[in-house]
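K.L.:
Here it is: the structure, laid out below.
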Amino acid sequence: MRLFVAYCIMYIDIQEADSLKVKRNLLRSVKQRIRHDFNVSIAETGLLHTPVKGMLAAVSVSADRQYLEGQMSKMLDAVERRFPGRLADNELIVRHIEE
C-alpha cells in the first residue's frame, strides 16, 4: 500500500494587524478558503501571541505523491494571492508512510 503525507508550514507577515483579534480574523478567512478550495486540514500552529506574524500548517494525505505536491503548490499560490508579498517563508515536506 502506498500512502503519502504532505505538510506545509507557512509563515505570514501581517503588518497591518494592530491586534491579535485582527490577525486571527485575517488568518481565519484564509484557513476557511484553503479548507474549502483544497480539502486540507489547516490550523494556526505558532506565533500565537504575535500580532504581525502568523504561522499556518496544512496537511493532506494521498496515495499519489505528485497529486500532493501539486495540491500544496497550488495552495501556496492561493495564499500568495490572498496576501500578496506577505508569505515570508514556507516549508513543504512530503513523506512516504510504510506499512
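The values are calculated or read from the model by the stated rules, or taken from the named source; none is laboratory data. Since the structure is predicted, the reported quantities are computational estimates derived from the model, not experimental observations. Neighbour counts are summed over all protein chains in view; Cβ atoms, including those assigned to glycine, are modelled from backbone coordinates with ideal geometry.
K.L.:
Just to be sure I understand, how many residues within the range 10-22 are in contact (Cβ under 8 Å) with a residue 12 or more places away in the chain and under 19 Å from Arg81 (Cβ atoms)?
P.N.:
Residues in the range 10-22 being in contact (Cβ under 8 Å) with a residue 12 or more places away in the chain and under 19 Å from Arg81 (Cβ atoms): 7 in total.
K.L.:
Of everything in the range 74-99, what is out of contact with any strand residue (DSSP E or B) (no Cβ under 8 Å at 6 or more places or on another chain) and part of a helix (DSSP H, G or I)? Give them in sequence order.
P.N.:
Scanning the range 74-99 gives Lys74, Asp77, Ala78, Arg81, Arg82.
K.L.:
Which condition number does Ile42 fail, the rest of (1) touching a strand residue (DSSP E or B) at 6+ places or on another chain (Cβ under 6 Å); (2) free of Cβ contacts under 8 Å to residues at least 40 places away in the same chain; (3) assigned to a helix (DSSP H, G or I) being met?
P.N.:
(3)
K.L.:
Further, regarding this structure: So, of the residues in the range 51-70 that are surrounded by 18 or more Cβ atoms within 10 Å (Cβ to Cβ) and under 11 Å from the mean Cα position of the chain (by Cα), which turns out to be modelled with the lowest pLDDT?
P.N.:
Gly54
K.L.:
How many residues, within the range 65-88, are more than 13 Å from Val30 (Cβ to Cβ) and touching an Asp or Glu at 6+ places or on another chain (Cβ under 7 Å)?
P.N.:
1
K.L.:
Does at least one position in the range 73-90 carry a residue that is buried (at least 17 other Cβ atoms within 10 Å of the Cβ), at negative phi and charged (D, E, K, R)?
P.N.:
So far as the range 73-90 goes, yes, one or more of its residues are buried (at least 17 other Cβ atoms within 10 Å of the Cβ), at negative phi and charged (D, E, K, R).
Listed here are the residues, each with its yes/no results for (1) closer than 14 Å to Ala88 by Cβ; (2) under 10 Å from the mean Cα position of the chain (by Cα); (3) not aromatic (Phe, Trp, Tyr).
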position: Met1; (1), (2), (3): no, no, yes
position: Met10; (1), (2), (3): yes, yes, yes
position: Gln15; (1), (2), (3): yes, no, yes
position: Asn25; (1), (2), (3): no, no, yes
position: Phe38; (1), (2), (3): no, no, no
position: His49; (1), (2), (3): no, no, yes
